[in-house]
Every structure is written in C-alpha cells, then in structure tokens.
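Right, one structure below, let's go through it.
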Amino acid sequence: MPGLKAATIAKKVVEPDVKTLERMLYYLKLTREAEQLLERVLYRQGKIVGGVYVGRGQEAIAVGSAIQLVEGDVVFPSHRDFAAWIIRGFTLRDVFLNWLGRAHGPTRGRENTNHFGDVRRGLIPVISPLGDTCPLACGTALVQKQRARGNVTLVHFGEGTTSRGDVHEAMNLAAVWTLPVIFICNNNAYAYSTPTRQQYAVKDLSARAPAYGMPGMTIDGNDVLKVYDAARQAIKRARAGKGPSFIECKTFRMTGHSAHDAAQYVPKELFEMAAKDDPLARFEKELVAMKIVDSKRLGQLEQQIAKEIDEAVAFAESSSLPEGADAVKGVYCEAGCVWQATGV
Amino acid sequence: MRASFRQLETRRAGLPDKAVKLTRDQYHDLYYYLRLNRRVDEQLTSLYRQGKVVGGVYSSLGQEGISVGTAYALGPDDVVGIMIRNAGAMLVRGFRPRDLFMQYMARRDGPTGGRDANTHFGDLKRGVIAPISMLGELVPLLAGVALAARIRRQQRVALTYVGDGSTSTTPFHEGLNLAAVLKLPLILIAENNGWAYSTPIEKQTANTHLVDRAQAYGIAGAAIDGNNVVEVYEATSEAAERARKGGGPTLIEARTMRMKGHAEHDDARYVPKELIEKWRKRDPIVAYEKLLTKERLLTAEEKAEVEGRVEKVIREDLEFAEASPFPAPETETQPVWA
C-alpha cells in the first residue's frame, strides 16, 4: 500500500492498561459491526434516506484518540469516526434513530447521517464542507485555554481536506496562539476518487507541521496502540499548555466514498493489501498474543455486541417517523435547546 | 523506539557560490531601476502630501531590491503578478514612471484612465498581471498562468509575490499546494518585511522562517537577503532555471523591512524605532552602491550618468503626468466591461 509503512512508525508504545485495551477492542468491533449493518444492510434495504459514510478500515484512529478524552475535552470527528460518538456517550439507539430518520433521534429526523453532536458531551457535529471544523476547533481550544482547566480539542479530517485553506489557516492560528488542539489527519489514501499523489507532493503530511512551528508525526493509523500513543503525547503536550500537534494516521478507506460508490477507481490490489492490514484483525491478534483475550472471550464480545446492535436497531425501527406538522420545529434554537442551555 | 514528533528541520537553502553572470551594463541596469524605483517612490510621497493623489500611497521603500532583482531575472515571455510594493518590477517590465504618477493622480492618460488610483494595473503584453487587493489571491492565479504555459508547451515562468501576512491566507496554501502537485513553473517570492500592516511576524506565525513552508509542499525553497539585489537576482534566476527544466515551483523568502507605514497615511508608531534604525543601515541601494564601488563596476562618471538618466525621466514624466487631465465624467461608464 502506498506509503502505509511510514518511516516514523514506532516499534514499541506505552501500553494502555488492560481495561483500556479491552475497551478499545470493544469500540473497534462495535464500530465495524454497526457500520456493516448501516452500509451493507439497512442502506441496501432502502431504510436509510441519503448516503452512508463509514470508516471501514480506519476505525482505530477515532478509538485510539477519543478514548483518552476527559470531561471538558472536545472532539470534532470526521464522518468516518463512528466510535467518537459512542465514546463521548451517544448510544447506539441515538445513532440508528438518526440514520433511520426517526422522530426521537438526535436531529428528530431532520438529518439522516451523522451531522449531530452535543456540546455537553464535547462532540461537535460534522460540517459537510470539509476543513471548516479546523478553525472551529481553534475556537473551542481558545475557550479551553482561557478557562485554563487543561482541556483539549481533537479535530479529525482527511488528507484531501489538508489541501484546503481552512486547515492551513487553522493550523497557523493554533500554533501562533499556542492552542490546545490536536489535528488528526485520517489519511485514507483517497479523497473520494482522488489518490494522494494528486493531492499533495510530500511523502508525509507531517512535513507540514514544522512549517507552522508545531510538532508533527506520521504513524500507522491501522495500529490502534500507535494511535493511542501518538495521541497521548499530543494530548499531554496540549494539556501542559505547550500548544498544538499534528498527527498523520496513514490508513486505507476499505470501501467507497459512500455506500453508493463502488470505488472502481481504486485498484483491486489495494483493497486486498488493506484487508491484510485490517486494524481490527491486527488488534485482535495482538491481544490474543498478549494473552489479554482468548477466542472464548472474543466470541462472548461478539455476541454481546450483536445483542446491543440488534436491540438498538429494533428500537429505532419501531420508533416513529417525524410528523409532517413538526417539520418547522427545531430549525431555530427553542427553549431548552442545548445550545441555549450551555450558553454556547 | 517510540515514534517521536517531527521536530523542525530547517533547510536554509543557501545559494551556491557561483559567479553572477552579469555584464557591466546589467549591473548598471539594476542600479538604474533601483534608483528609479526609489525616486518614483519619493515623488509619489511628495504628490500625496501635495494632495494630488486620490487614495493611499503604498511605498516600496527599503524593498526595492526584491522587486527589481526578481523582475530583472525573468525573460520577456515570462509573467509576473505584482503586489502593491512592486513598482520596481513594473518599471523593469517596461512601465514608465508616468504610468504610476498618472495612475495615482487618477489622470485620463493613466493605465486605467483614472478609474483606479493605485497600482491595480497590469499589461498582458508586458507580462504583468495587476495586483489583487485580497492578499494571496495572485498565487493560484499565477499557478494558472504557469499551467497554461505548460499546456501550450511554452517555456514560460510565472512569478508572484506575497507578504509575510499573506502566507496565513487560504489562497497562498491552496495555490502553492496545487503548483507543487502539478510541478508548475511557478516562483513565489515571500517578501518578509516583518509587518502585515501593524501585525509583527511573531504574531503572524509561530515559525517565522517562511522558507520552511517550502518543505510543507515538497518544493524547493531558499531564504535570502532581500536587501541584496544581486542575491535576489541570483536566487530568482536559479528558480527560473529549475522551473524551465520541469523542476516545479520554488518558494523564495526574501528578508527585508518595511521602512514606512503600511501606506502614507500610517505613521507606523507600532514599529519600534530601533528596528527602523537597524534596517536603515542596510538600505538596499546604499549596499548596492558600495558593492559596485568595491568591485569597480561603477565609476563616479557612470554613477552620475545613471542618476542623470533617472532624474531626466522623473522630471519629464512628472510634467507629463501633471499635464494630463482628469477623465471626462461622461466617459465614466465606458471601460467597465471588457
């Protein structure tokens, strides 16, 4: 896979504790299963209105980074960072209700992908024009800096997004203002159909970081432990008031841009190579080798996850669609809406 | 070994120690344009103070070496996109001082016929693209010129300028990245004059070595003394040669100092006096005169001859410009559309 084995890939990392390792495995497997259902079952059954964007093959990035956040931290996930929502406290019911456009979903059926968030949970919704979240992340990080409670902001974007001015302006601003923000580039090799060689002329995007005066790192984004370690270093730095960092996670989009895209423009060999480098399979193998889990435990976990997903989907499917008369509601901030309640 | 964060590896691309291939006449040319640029600047300030200029006057005082040295290194078929402090480049490309005088005084015979009272004019025949006020916008535009040249299989090089402030803008980034990916024959001169209006470079970016941006895009970079016109000429020539050979864009950071306010109306009280004093000792024209004298490239007679030519054209052009009328009101709507 082009550039996947970057020179800066680490051999050894600071291990998270066993409990964290198990949680990471849970989130990885949960993401894979839930997205499998969204992209390849519910979408094909015509139950989802609109496109389905998943992070197949790149699940480790959101898991390894968001899992380290604490109260008061903020994450701006990209549309391929499913686990970020769950880690920040959204339920599977919320997710399926939203995708299925139900009345009791987070957007009450107004939006049918993952453009939802909650400031109280420190998760800001995806903004479709890519890159726009980066200057916004500088904004939340500036607030965090002013409040001086050691909180940080994570912002995810793809390698295609790095060509946008928003990212440039935000990275420059974050560095000059020493903001506690961690820029995480999910470099999945394709921006829709554009391969990286048509996107930028550097080997590693982390070469951008020193230009702004911030540290940068390129890592194997399919290794959840390396993601964890890189994010840990960057978060520690940010909490200590030392400013932003840039992490390029090299990975591969193991599907089309969205469920409607067959991705015929991607050479088959790349998909085959990516399959051998699957972040979930790699982590499972590693945990088995470390004797943290065995096949029995894996089986139990799969059953548990299947049960949780089944329950959430059944709940969502039995939930009602929004009433026509409610279409005008929720457009503007109403009494009790979170944005008003938190004074954001 | 744990992966570590990439630390700054500065690449200050120095210039090779090669002899500058300039003839005696070319050395004199450079001197002529430097002086002409300075004198045009002084005259514009004077006209401004006489109330004859409509709008602001943006001085290139102290930065003449960059405009003159870069433009002089280009060939006749090359294209340059100028900014407000690049009057020197306009003069090298064949504009006369009268064009600038009439333009600033909004006269009928000026390049825009009195419509714009600033340096927003160019001439495709002279290979000059007019400035765009929104800083940085010329970067993608000149990348377009370079792309067109490639498609037409022309050996054309495109050059444009940004200030230190402009490097924080979107078009700087998008334009330079595109030029890098397409390996376009583009030369980008970052005139690091320390100030973006009142913003010092330390508040503009955390890494004040703008040349380090070159690595971010995978292109060649050089940091040079912008007050040394020969160094500017040499770096630009090298970049142009690289571009013509298909080696892609180059970012040249030319370090200099804005010796006046952002414009004539700005007294720049926010700039420490010591800084101005320090840079005054490094005036590009004085430095060049010293070099020429030391290398015996300019005799007292030759110096007087060049200065005489400069004064003559300034005098003639001032007279011409002041004699030009204002545009007739009834023509106002005419050249709005192409």
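The values are calculated or read from the model by the stated rules, or taken from the named source; none is laboratory data. Computed from a prediction, not measured in an experiment: that's the story for all the values here. Cβ sites come from the backbone with ideal geometry, for glycine too, and all protein chains shown count toward neighbours.
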Restricting the search to segment B:171-203, which residues are within 14 Å of chain A (Cβ to nearest Cβ) and among the hydroxyl-bearing types (Ser, Thr, Tyr)? B:Thr199
Name, by its number, the condition in (1) in contact (Cβ under 8 Å) with a residue 40 or more places away in the chain; (2) closer than 23 Å to A:Ser78 by Cα that does not hold for A:Gly256. (1)
Are any of the residues in segment B:306-322 closer than 23 Å to B:Leu74 by Cα and touching a Gly at 6+ places or on another chain (Cβ under 9 Å)? no
Output for Cβ contacts, cut-off 9 Å, separation at least six or different chains, first residue surrounded by fewer than 23 Cβ atoms within 10 Å (Cβ to Cβ) in segment A:71-89, second assigned to a strand (DSSP E or B), reads A:Arg88/A:Val75; A:Arg88/A:Asp118; A:Arg88/A:Leu123; A:Gly89/A:Asp118; A:Gly89/A:Leu123
Please state which one of A:Lys226, A:Lys203 is in contact (Cβ under 8 Å) with a residue 60 or more places away in the chain and facing another protein chain (nearest Cβ under 7 Å). A:Lys226
Checking the structure you have, find out if any residue of segment A:161-171 is small (Gly, Ala, Ser), free of Cβ contacts under 8 Å to residues at least 24 places away in the same chain and facing chain B (nearest Cβ under 9 Å). no
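Results for (1) surrounded by fewer than 12 Cβ atoms within 10 Å (Cβ to Cβ); (2) at pLDDT 95 or above; (3) more than 26 Å from B:Leu297 (Cα to Cα); (4) not charged (D, E, K, R), shown as yes or no for each residue.
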| residue | (1), (2), (3), (4) |
| --- | --- |
| B:Gln7 | yes, no, yes, yes |
| B:Ala19 | yes, no, no, yes |
| B:Asp29 | no, yes, no, no |
| B:Tyr32 | no, yes, no, yes |
| B:Arg38 | no, yes, no, no |
For segment A:260-314, what are the residues that are at pLDDT below 95 and surrounded by 18 or more Cβ atoms within 10 Å (Cβ to Cβ)? none
Residues satisfying the stated conditions in segment A:172-190, i.e. of a type in the set (Phe, Trp, Tyr) and more than 9 Å from chain B (Cβ to nearest Cβ): A:Phe183, A:Tyr190
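Yes or no: B:Arg108 in a loop (DSSP other than H, G, I, E, B) and basic (Lys, Arg)?
Yes.
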